[in-house]
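> Once you've had a glance at the structure underneath, I'll fire off some questions.
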Amino acid sequence: MTTRFGSDPARLGALDTPADSVRITGVQAIPFALPYHRAPEFASGRVGTADNVLVRVRTDAGLVGQAEAQPRPYTYGETQTSIVEAVSGPLNEALTGVDPLRIELVAERCAGVAGNRVARGAVDLAVWDLLGQILECPCHTLLGGFADDVAAAHMVSFAEPAVMAEDALAVNERLGVSTFKVKVGRAPGLDLAAVRAVRDALPDADLYVDANRGWSYEDAVRAGDELAELGVRAIEEPISLEDRVGRRRLAERWAVPLVGDESCISLAHVDRALNEHSVRMVSVKTARTGFTESRRILDLCLARNVAVVVGSQYEGAIGAMATIAFAAAFAATAGHPAEITNFLDLADDLVVAAPEIRDGRARVDTAPGLGVEVDEDRLARHRLDR
Ligand SMILES: [Mg+2]
């Protein structure tokens, strides 16, 4: 097996790694299901229970790297089953025997498995967790360590407008969060009513919206123009990704940035979207591009002077810990609210201690790696494989 750059990672790994280095002995995927207090619903899908996958990268030193994958079949085509198969099959094979400190070798091996973005993203995060544990350093510091905390943005899922406003108000009162991403993309009238309701409940809040491709071009023009007047800061994925001309027109039409999310699922996708002028801001999600590719996307955006929002795939607490570590680590992301609160919509989780959000901000974990400690009783209760 050779890499895209001509070297042979199998030979490199075999010849140049010191005998006393840590080796990956296997990559495991554990499917689990968590109940919601409040099930997320948006234009492209609904999540009844959090049917996620715990990824564990084991080593001969006894250290275990951990991360969480969230299947989104309507966005990436990956299911819980396909993620389990990709992680425990080809990704396990690609990484067994590799020294986890050689993160570029890990990335290159994973890049040899096509598609499977969420599976690969979670494996990358789990190896970074391991890296931090081996070096006894938090991932946040290894990535750059710019700030110790980051402001939180909360996503408001579909409901009746009054219920959406209540959700935002409750999160504001309980956690001090003052930035909200309101899900839109149903019908312009209903969407405008929802944003107005949130605006009335929280006159000083920062609002932006995400249509998850739910509008037609005409709906997007109508709703988008009025939403901009209501003071929303950005409009995410208004219409079908196939309508490339329409997306460019909307990006040019609105004074507020059109945010690329589903159109920006990899470094190459971001490059294309920026070249086409179809997005003016980019959502980076560690849940799909891990730390390694997310960092490359961030660098590309920096070079093009394009703002970034650190987005959420409705992660559980484990996913939120990775997102917080990444968002706080860089100057380009730490100053902008990151979407990190939605693990609180879950009625239970796998961790001993979930991230704390206070005064609208989340502090980074100072434990080595990602600081994930799984409660084995909870895992036993929620896992689906036994
Ligand atoms: Mg989105």
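> What does the highest-first list of 194-200, 121-127, 343-349, 110-116 look like by mean Cβ count within 10 Å?
121-127, 194-200, 343-349, 110-116
> Okay, moving on. Quick check for you: with a 1.4 Å probe and neighbouring chains kept, what is the accessible area per residue of the chain, in Å²?
About 39 Å² of surface per residue is accessible.
> With every protein chain in place, what's the accessible area of Thr79 (1.4 Å probe, Å², nearest 10)?
The value for Thr79 is about 60 Å².
> Let me ask something else about it. Given charges of +1 on the Cβ of Lys and Arg and -1 on the Cβ of Asp and Glu, with all other atoms neutral, how large is the dipole of segment 9-136 about its Cα centre, in debye to the nearest 20?
320
> Continuing with this model, one more query. Tell me, what % of the accessible area of segment 9-136 is carbon and sulfur with a 1.4 angstrom probe? If you can, show how the numbers build up before the last one.
Working: 2380 of 4760 Å².
Answer for segment 9-136 is 50 percent, counting heavy atoms of protein chains only.
> Now for a separate question. Between Val245, Val310, Val221, where does the largest GNM mean-square fluctuation fall for the chain, given springs only between Cα atoms within less than 10 Å?
Looking only at Val245, Val310, Val221, the biggest GNM fluctuation is shown by Val245.
> Moving to a separate point now. Helix 188-201 sits at what angle to the longest principal axis of the chain, using alpha carbons and giving 0 to 90 degrees rounded to 10?
That helix lies at roughly 90 degrees to the long axis.
> Can you give me the % of accessible surface on segment 141-382 that is carbon or sulfur? Probe 1.4 Å, all protein chains present, nothing else counted. Before the final figure, lay out the partial values.
On the way: 4220 of 9000 Å².
Carbon and sulfur atoms account for 47 percent of the accessible area of segment 141-382.
> Compare the peptides 20-26, 98-104, 149-155, 277-283 by average per-residue count of other Cβ atoms within 10 angstrom and give them in order, highest first. Write down the numbers at each step before the final one.
Working: 20-26: 15.9, 98-104: 19.0, 149-155: 24.3, 277-283: 22.1.
Output ranking for 20-26, 98-104, 149-155, 277-283: 149-155, 277-283, 98-104, 20-26.
> Per residue, what volume in Å³ does the convex hull of the Cα atoms of the chain enclose?
Cα-based convex hull of the chain, divided per residue, equals 125 Å³.
> In debye, nearest 20: dipole of segment 175-303 around its Cα centre with unit charges on the Cβ of K, R (+) and D, E (-)?
Using Cβ point charges on Lys, Arg, Asp and Glu, segment 175-303 gives about 240 debye.
> Helix 317-329 versus the longest principal axis of the chain: what is the Cα-based angle in degrees, 0 to 90, to the nearest 10?
So the helix axis and the longest Cα principal axis differ by about 80 degrees.
> For Ala162, what is the net charge nearby, where nearby means another residue's Cβ is under 12 Å from its Cβ and Lys, Arg count +1, Asp, Glu -1?
-3
> Among 321-328, 185-192, 224-231, how do they line up from the highest to the lowest mean number of other beta-carbon atoms within 10 Å?
The most tightly packed comes first, giving 321-328, 185-192, 224-231.
> Can you pull the Kirkwood radius for segment 146-301, inverse mean 1/r over Cα pairs, to one decimal in Å?
16.0
> Determine the sum of side-chain charges near Ala367: Lys and Arg each +1, Asp and Glu each -1, restricted to other residues whose C-beta is under 13 angstrom from that of Ala367.
Counting the neighbours of Ala367, the net charge comes to -3.
> Then there's this: If Rh is defined by the Kirkwood formula over all Cα pairs and Rg also comes from Cα, what ratio Rg/Rh do you get for segment 9-136?
On the way: Rg = 15.7 Å, Rh = 15.2 Å.
Rounded to two decimals, Rg over Rh is 1.03.
> While we're on this one: Would you mind working out the magnitude of the charge dipole of the chain relative to its Cα centre, with +1 at each Lys and Arg C-beta and -1 at each Asp and Glu C-beta, to the nearest 20 Debye?
Values: 40 positive and 56 negative charges, 152 e Å.
In debye, rounded to 20, the chain gives about 740.
> Taking all pairs of distinct Cα atoms, average 1/r, flip it, and tell me the Kirkwood hydrodynamic radius of segment 110-193 in Å to one decimal place. Don't jump to the answer; show the numbers that get you there.
On the way: mean 1/r = 0.0606 Å⁻¹.
Mean inverse Cα-Cα distance, inverted, gives 16.5 Å.
> Taking only DSSP H segments of four or more residues, each worth -39500 (n - 2.57), what value at 222 nm results for the chain once the sum is divided by all its residues, to the nearest 500 deg cm²/dmol? Provide the component values of the computation, followed by the final result.
Working: 17 runs with 157 residues, N = 386.
Per the formula, -11500 deg cm²/dmol.
> Among Pro355, Ala255, Val374, whose Cα sits farthest toward the positive end of the charge dipole of segment 233-386 (+1 at Cβ of Lys/Arg, -1 at Cβ of Asp/Glu, about the Cα centre)?
The one lying farthest along the dipole's positive direction is Ala255.
> With point charges of +1 on the Cβ of Lys and Arg and -1 on the Cβ of Asp and Glu, referenced to the Cα centre of the chain, which listed residue (Val123, Ala165, Phe343) lies farthest in the positive direction of the dipole?
Most positive-ward Cα: Val123.
> Once you list every other residue whose beta carbon is under 10 Å from the beta carbon of Ala223, what net charge do they have if Lys and Arg are +1 and Asp and Glu are -1?
-3
The values are calculated or read from the model by the stated rules, or taken from the named source; none is laboratory data. The shown structure was predicted, so the numbers you read here are calculated from the model rather than taken from an experiment. When we count neighbours, we look across all protein chains shown, and the Cβ atoms used for this are built from the backbone with ideal geometry, even at glycine. Accessible surface areas use protein heavy atoms only, side chains included; no ligands, DNA or RNA. Shrake-Rupley method; radii C 1.70, N 1.55, O 1.52, S 1.80 Å.
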